[in-house]
Amino acid sequence: MKDLLEKEDSIKPPQIGKIVEGKLIGKARSAVFLDLGALGTGIIYGKEFLGVKNELKKFKVGDTVFTKVIDLENEEGYVELSLSQASDEITWEELRRKKEKGETMMVKILGANKGGLLAEVLSIPAFLPVSQLLSEHYPRVEGAESSKILTELQKFIGKEMEIKVFDLDPREGKLILSEKAKRSEKVKEILKNYKVGDVVEGEITGITNFGVFIKFPSSAKTTEGEAYNLEGLIHISELDWQLIEDPADIVKVGDKVKAKIISISDDKVSLSLKSLKKDPWIDIEEKYKKGDEVSGKVTKFNPYGAFIAISPKIQGLIHISEFGTKSKMETALKIGEKYKFQILSIDPAVHRMSLKLKEEK
């Protein structure tokens, strides 16, 4: 509160927009009067009075009230004041203080949308994004269907959550909360005991269209003496060497797996399953050579061409330039069909094989 008041000992004239402290000295039917000391007498009236009429009933003569100066001198010679504007400013200052100190608060969830949860903190509307939920509260919905995500989030309405202020902007009225921030520092500290390349054993806890979540115990203990569980992400590209459309084809929730840590950033850890499997491209040049004729199945089209499965673990690409246009490519090739191809080049280092369609004789 002191940060909002004048810090100088000397008395200065009030300025519009400043928060001032006054003692309530009188109440009228549609106004209240405050003694501002050397600054004179202040008044809350008109729309400023009507907007906080019920709140003003809580104050009695002699109480200290913080208000904001909105006019230095009205027609009657009073300093015109606003309680509501001062309350908002004081509230935002309190929220800023809580953010700086990392204080946690309990909030009740009032609503949900596809992006997260809605709440109020000190009467200020607040938003808790999905990305800031604890891992156990994250909506693990296969296919990431927005309607299913919303259904999962709506289950939290009416419940209380322990949160921290993650970000705020009083000018835009933006207040962002985080549930996982309270655990973040603990996780960062524990992750100092791990390094890239470490292999951990854990359990698959969730599957999304972009990968899977794995929970693994650490050497740290909770206050109850149990192992502190960490959770990381295995991106879809790190599940296997083959091209994967659905992570659920590789693992299921509850599966026990070993994974290698490939990245640690702050409180986030990324892992890989395929790093613990033999790279099928290591000895590929012993099996295939430039110019070889191979049989392969068309698995996927993309803007650059078509992916061809030469074996369960090896995918080649036939570039769209071999056909001229996308429509011609999709006319010549059909998803799921097998064709004869010729190998144009092989680059094991970047896992790349270029192909061309073998002409029918």
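The values are calculated or read from the model by the stated rules, or taken from the named source; none is laboratory data. From a predicted model like this one, the values you see are computed outputs, not experimental measurements. Cβ placement follows ideal geometry from the backbone for every residue including glycine, while neighbour counts extend to all protein chains displayed.
The figures follow:
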read-out: Number of the exception - Tyr304 against (1) in the same structural domain as Ser218 (by TED's automatic domain parsing); (2) more than 20 Å from Lys338 (Cβ to Cβ); value: (1)
read-out: Meets criteria (in contact with a Gly (Cβ under 8 Å, 6 or more places away or on another chain), among the aromatic types (Phe, Trp, Tyr) and either part of a strand (DSSP E or B) or buried (at least 17 other Cβ atoms within 10 Å of the Cβ) (or both)) for Phe33; value: yes
read-out: Among (1) acidic (Asp, Glu); (2) in contact with a helix residue (DSSP H, G or I) (Cβ under 8 Å, 6 or more places away or on another chain); (3) part of a helix (DSSP H, G or I) - the single one Glu152 does not satisfy; value: (2)
read-out: Output for the range 36-49, where each listed residue is surrounded by 12 or more Cβ atoms within 10 Å (Cβ to Cβ) and either free of Cβ contacts under 8 Å to residues at least 24 places away in the same chain or out of contact with any Phe, Trp or Tyr (no Cβ under 7 Å at 6 or more places or on another chain) (or both); value: Leu36, Gly37, Leu39, Gly40, Ile44, Tyr45, Gly46, Glu48, Phe49
read-out: The range 179-212 - residue that is modelled with pLDDT of 85 or more and among the polar types (S, T, N, Q) and, of those, nearest to Leu243 (Cα to Cα); value: Thr205
read-out: Answer residue from the range 39-56, given it is at pLDDT 85 or above and either of a type in the set (Lys, Arg) or part of a helix (DSSP H, G or I) (or both) and is farthest from Ser84 (Cα to Cα) among those; value: Leu39
read-out: Condition check for Glu231: under 23 Å from Gln132 (Cβ atoms) and either outside any strand (DSSP E or B) or acidic (Asp, Glu) (or both); value: yes
read-out: Subset of the range 19-44 [of a type outside the set (A, V, I, L, M, F, W, C) and either closer than 18 Å to Asp88 by Cα or touching a helix residue (DSSP H, G or I) at 6+ places or on another chain (Cβ under 6 Å) (or both)]; value: Glu21, Gly22, Ser30
read-out: Where Ser263 falls short, out of the listed (1) in contact with a helix residue (DSSP H, G or I) (Cβ under 8 Å, 6 or more places away or on another chain); (2) in contact (Cβ under 8 Å) with a residue 12 or more places away in the chain; (3) surrounded by fewer than 19 Cβ atoms within 10 Å (Cβ to Cβ); value: (1)
read-out: Every pair of residues 6+ apart whose Cβ atoms lie under 9 Å, when the first sits in the range 7-32 and is hydroxyl-bearing (Ser, Thr, Tyr) while the second is modelled with pLDDT under 85; value: Ser30/Lys53
read-out: Count of residues meeting criterion [more than 29 Å from Ile234 (Cβ to Cβ), over 14 Å from the mean Cα position of the chain (by Cα) and crowded, with 16+ Cβ neighbours inside 10 Å] in the range 123-171; value: 3
read-out: The listed residue being of a type in the set (A, V, I, L, M) and closer than 30 Å to Phe216 by Cα, out of Val298, Val251; value: Val251
